[in-house]
Structures are given as C-alpha cells and as structure tokens.
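Peer 1: Mind having a look at this structure? Questions to follow.
The values are calculated or read from the model by the stated rules, or taken from the named source; none is laboratory data. As the structure is a prediction and not an experimental result, all values here were calculated from the model. A quick note on method: Cβ atoms are made from the backbone with ideal geometry, for glycine too, and the neighbour counts reach across all protein chains shown.
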Amino acid sequence: MKIAITCQGKSLEDALDQRFGRATNILLVDTETHFIDIIDNEAMAPSGGAGIAAAQRMVDQGVTAVITGQIGPNALRVFQAADIHLYQGIPGSAKSNLEAFNKNQLSDLERFVPSHSGQ
C-alpha cells in the first residue's frame, strides 16, 4: 500500500502540512517495503489548480490513501473518482500520523475547504 502524507519538510520527523494542494512536500510511504519517496510539490506554485494537479500526481503514483489536514473540492473529486481514501491528519509529525494510521486512529477526511483557500 502506498500512503501519501503532506509534509512541511522532507522527512517523517517534519510536521504534517495541513494544506493538500499547497503542501511543501508530499511523502510517499510504501507500507510493505517501508521505502519513502519525497515529492517536491511542484503544483503549489501555480495560481490555480494546485489541488487538482497534486491529486492527479498522487493517482499517477499509485497512492491508495492520503493523510492531510484540508483538501479542496476539486482535489476531492479527483480522489473520489480514483477511489483513494482520505484521512484527517493530526497535529504533529508525519511519523506520528503514519503511526496513528497504522493503529486505525485517523478519521476519514470528509470536509473540504473552498477553492483557492491556500493562496
């Protein structure tokens, strides 16, 4: 299983980034091999469409779950169409979020924020 975690830095020790589309980095964690791939979120720079671009990149990477704080309606639609599960991240490090995920302690991310709120 591949899990995407929005992150303010480039390691599991760094804080969860609450913004999906405009997150600084996205860590891809393979739960079977424990390999971590760091994705510089190039989608954060454009003036519009950041959420959709980042979501499509996750689909292309074969992600099956995303841990983040907030997500916009357009990215939400991309994830729903790809049947990717979204989880509400908790304050703290990416590592603490991964541990909470592994213990089934994260809630489904059912809410979203209006478009362009991360600008």
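Peer 1: With the requirement that a residue be closer than 14 Å to D17 by Cα and either touching a strand residue (DSSP E or B) at 6+ places or on another chain (Cβ under 6 Å) or touching a residue at least 60 places away in the same chain (Cβ under 8 Å) (or both), what does the stretch 76-95 give you?
Peer 2: Y87, G89, I90, P91, G92, S93, A94, K95
Peer 1: Just name the residue that is surrounded by the most Cβ atoms within 10 Å (Cβ to Cβ) out of those in the stretch 63-84 that are closer than 20 Å to L12 by Cα and of a type outside the set (S, T, Y).
Peer 2: Selected residue: I67.
Peer 1: State yes or no: is I26 hydrophobic (A, V, I, L, M, F, W, C), surrounded by 14 or more Cβ atoms within 10 Å (Cβ to Cβ) and more than 10 Å from the chain's Cα centre (by Cα)?
Peer 2: Considered against the rule, which asks whether it is hydrophobic (A, V, I, L, M, F, W, C), surrounded by 14 or more Cβ atoms within 10 Å (Cβ to Cβ) and more than 10 Å from the chain's Cα centre (by Cα), I26 comes out as no.
Peer 1: Same structure again: Look through the stretch 85-96, keep the residues that are under 11 Å from the mean Cα position of the chain (by Cα) and not in a strand (DSSP E or B), and return whichever of them is farthest from L12 (Cα to Cα).
Peer 2: G89
Peer 1: Just give me the residues in the stretch 22-62 being modelled with pLDDT under 90 and among the basic types (K, R), in sequence order.
Peer 2: Of everything in the stretch 22-62, just one residue is modelled with pLDDT under 90 and among the basic types (K, R), namely R22.
Peer 1: Go through L76, L106 for me and flag whichever is more than 18 Å from N25 (Cβ to Cβ), assigned to a loop (DSSP other than H, G, I, E, B) and aliphatic (A, V, I, L, M).
Peer 2: From the options L76, L106, the qualifying one is L106.
Peer 1: Could you grab me the full set of residues in the stretch 5-16 that are farther than 11 Å from L98 by Cβ and either touching a Pro at 6+ places or on another chain (Cβ under 7 Å) or buried (at least 22 other Cβ atoms within 10 Å of the Cβ) (or both)?
Peer 2: Matches in the stretch 5-16: T6 only.
Peer 1: Something else now. Can you tell me which of R57, R19 is crowded, with 22+ Cβ neighbours inside 10 Å and either in contact with a strand residue (DSSP E or B) (Cβ under 9 Å, 6 or more places away or on another chain) or among the basic types (K, R) (or both)?
Peer 2: Result: R19 is the single residue among R57, R19 that is crowded, with 22+ Cβ neighbours inside 10 Å and either in contact with a strand residue (DSSP E or B) (Cβ under 9 Å, 6 or more places away or on another chain) or among the basic types (K, R) (or both).
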